[in-house]
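Here's the structure we're looking at; comments come further down.
The values are calculated or read from the model by the stated rules, or taken from the named source; none is laboratory data. All of these numbers come straight from a predicted model, not from anything done at the bench. Glycine gets a Cβ as well: all are built from the backbone with ideal geometry, and neighbour counts include every protein chain shown.
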Amino acid sequence: METKIGKTKLSLIQGDITLQDTEAIVNAANTSLLGGGGVDGAIHRAGGPKILEECKEIRAKQGGCPTGEAVITSGGNMATRYVIHTVGPVWSGGNRDEKQLLRNAYYNSLNLAKENGIKSISFPSISTGVYRFPIDKAARIALTTVKEFIEEYDFVEVRFALFSERDLKVYEEVLKEVT
Ligand code: APR
């Protein structure tokens with residue numbers, strides 16, 4: 001499914017984030033930036049050791065990456081040129097500022113792409129795996145944050161690469177509601 005908001009194409013696909021040919025892809029990282037499972041594991045595997053080396057350089061400068069913040073590395077061996085690593089919140093019932101932190105993760109990733117002149121970016125469904133954020137709530141936060149950002153700033157494309165048919169359907173339903 002895809003729609004146009006301003007000049008930006010907003011698209012939802014089922015697929016593997018590591019295979020996306022947008023200029024940047026977003027990693028669902030953790031605060032250590034030292035890799036993990038899920039999206040994080042897939043990106044480090046596909047991107048190769050260069051990505052971890054660059055993450056370690058970032059750690060040496062600023063420590064890790066706080067929840068809701070974002071940092072940028074190259075794409076290593078992948079087709080994409082950049083990986084924007086962001087850290088979503090762990091869901092713990094919704095009373096620990098999780099919604100704002102997830103919003104921040106999307107906003108700061110988009111803002112970092114803008115600062116680097118990146119014109120197309122792919123997101124996974126941040127925080128809805130190991131971090132257990134309910135996917136319908138997360139999809140609404142993700143799509144609302146992206147919509148508000150691209151109403152003010154033009155990308156060529158913002159894409160969501162959802163790993164399962166079920167996740168894609170949730171995002172498609174929410175997209176219909178928020179646009
Ligand atoms: N491409 C696209 N989506 C994927 C992929 C992939 N290759 N692999 C997993 N997903 C989906 C999951 O199905 C889930 O819907 O991405 C979503 C996010 O899942 P996680 O990767 O578990 O990310 P998150 O919930 O944000 O947890 C982050 O997990 O891997 C660790 O180091 C990471 O500690 C961090 C935590």
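Laid out as a table, the results:
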item	result
Only one of Ala113, Ala161, Ala139 that is within 12 Å of the ligand (Cβ to nearest atom) and either among the polar types (S, T, N, Q) or assigned to a helix (DSSP H, G or I) (or both)	Ala139
Residue among Asn77, Asn108 that alone is over 15 Å from the mean Cα position of the chain (by Cα) and in contact (Cβ under 8 Å) with a residue 24 or more places away in the chain	Asn77
In the range 23-39, residue farthest from the chain's Cα centre (by Cα) [restricted to those that are within 21 Å of Val158 (Cβ to Cβ), within 13 Å of the ligand (Cβ to nearest atom) and of a type outside the set (Gly, Ala, Ser)]	Val39
Identity of the residue in the range 40-58, near the ligand (Cβ under 9 Å from one of its atoms) and aliphatic (A, V, I, L, M), that ends up nearest to the chain's Cα centre (by Cα)	Ile43
Number of positions in the range 2-22 that are more than 9 Å from the ligand (Cβ to nearest atom), assigned to a loop (DSSP other than H, G, I, E, B) and buried (at least 21 other Cβ atoms within 10 Å of the Cβ)	1
Candidate set from the range 118-136 (those that are crowded, with 22+ Cβ neighbours inside 10 Å and either hydrophobic (A, V, I, L, M, F, W, C) or at pLDDT below 95 (or both)); member that is nearest to the ligand (Cβ to nearest atom)	Ile126
Pair list, Cβ < 8 Å and 6+ apart or interchain, from the range 138-167 residues that are closer than 17 Å to Ile118 by Cα to residues that are within 15 Å of the ligand (Cβ to nearest atom) and modelled with pLDDT under 95	none
